[in-house]
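J.: Right, I'll just put the structure down here and ask away after.
The values are calculated or read from the model by the stated rules, or taken from the named source; none is laboratory data. It should be emphasised that the depicted structure is a prediction, and the values quoted were computed from it without experimental measurement. Don't worry about glycine lacking a Cβ; one is built from the backbone with ideal geometry, like all the others, and counts go over all protein chains shown.
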Amino acid sequence: MITLITGGARSGKTSQALLLAAAKEPKTYLATAELLDDEMRLRAERHRAERGAKWETVEEPYRVAELLPSFKGVVVIDCLTLWLSNWLLRSESLVEPELRRLCSALKEASADVIMITNEVGSSIIPENAVARTFRDLSGLMNQRIAEVAEQVVLMVCGIPVKVK
């Protein structure tokens, strides 16, 4: 089962993902954030403690598609938006091939995959070209992943709304 959970910041996406994964074993949490400052390191520590010992945490900002075949049970990928940002900042020309690789890997995954992404296109138009490119690529990425997903959930104020 491939599930995409989307919504705004602090809309309950991660809580919903963990709830959907609760009955499955083994559990892997694939974190795509790069822990570049103290605030991010503390945040990651807090989230790891909240998940508890039943979760294996894998921190990988780029190689999501490459790692997917190795997972069993359930994997929560948190989050695709950061993964996209990592690739965009590395090289915009790599985004499309990596997105294709991810979509292919999802189709072949043996684990249930629950992906978290942010809905960034419902806000103001960004003032600079890089931010507009990121917004546009996020929307395109979310469309492509939603196409592959069997289930899509939009989180609104902590309430899951089934989209697909």
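Every residue, every condition in (1) out of contact with any helix residue (DSSP H, G or I) (no Cβ under 7 Å at 6 or more places or on another chain); (2) of a type in the set (Lys, Arg), yes or no:
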| residue | (1), (2) |
| --- | --- |
| PRO26 | yes, no |
| ASP37 | yes, no |
| ARG43 | yes, yes |
| LEU89 | yes, no |
| LEU94 | no, no |
| LYS107 | no, yes |
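J.: Something else now. Can you pull out every residue in the stretch 3-62 that is touching a strand residue (DSSP E or B) at 6+ places or on another chain (Cβ under 7 Å), modelled with pLDDT under 95 and of a type in the set (Lys, Arg)?
T.: ARG48, ARG51, LYS54
J.: Which of the residues spanning the stretch 119-135 are farther than 23 Å from LEU154 by Cβ, loosely packed, with under 11 Cβ neighbours inside 10 Å and among the aliphatic types (A, V, I, L, M)?
T.: Hit for the stretch 119-135 is ALA129, nothing else.
J.: Follow-up question, since we're still on this one. Given (1) over 21 Å from SER138 (Cβ atoms); (2) in a helix (DSSP H, G or I); (3) among the basic types (Lys, Arg), identify the lone condition not met by ARG100.
T.: (1)
J.: Let me ask something additional. Among the strands (runs of 3 or more DSSP E) lying completely within the stretch 1-91, list those that include at least 2 residues that are touching a residue at least 40 places away in the same chain (Cβ under 8 Å).
T.: Output list reads 2-7, 27-31, 74-78.
J.: Let me ask you something else. Filter the stretch 24-69 down to residues that are charged (D, E, K, R), farther than 15 Å from ARG101 by Cβ and surrounded by 13 or more Cβ atoms within 10 Å (Cβ to Cβ), then give me how many there are. So that I can check it myself, show each step before the final result.
T.: Just the residues of the stretch 24-69 that are charged (D, E, K, R), to begin with: 24-25, 27, 34, 37-39, 41, 43, 45-46, 48, 50-51, 54, 56, 59-60, 63, 66.
Add one more test, that the residue is farther than 15 Å from ARG101 by Cβ, and what stays is 24-25, 27, 34, 37-39, 41, 43, 45-46, 48, 50-51, 54, 56, 59.
Now narrow it down to the ones that are surrounded by 13 or more Cβ atoms within 10 Å (Cβ to Cβ): 24, 27, 34, 43, 48, 51, 56, 59.
Count: 8.
J.: Looking at THR133, is it touching a residue at least 60 places away in the same chain (Cβ under 8 Å) and under 21 Å from TYR62 (Cβ atoms)?
T.: Details: touching a residue at least 60 places away in the same chain (Cβ under 8 Å): no; under 21 Å from TYR62 (Cβ atoms): yes.
No: the conditions fail for THR133.
J.: Given the criteria out of contact with any Asp or Glu (no Cβ under 6 Å at 6 or more places or on another chain), among the small types (Gly, Ala, Ser) and buried (at least 16 other Cβ atoms within 10 Å of the Cβ), does ALA105 qualify? Explain how you work it out, then say what you get.
T.: Numbers: out of contact with any Asp or Glu (no Cβ under 6 Å at 6 or more places or on another chain): yes; among the small types (Gly, Ala, Ser): yes; buried (at least 16 other Cβ atoms within 10 Å of the Cβ): yes.
Criteria met by ALA105.
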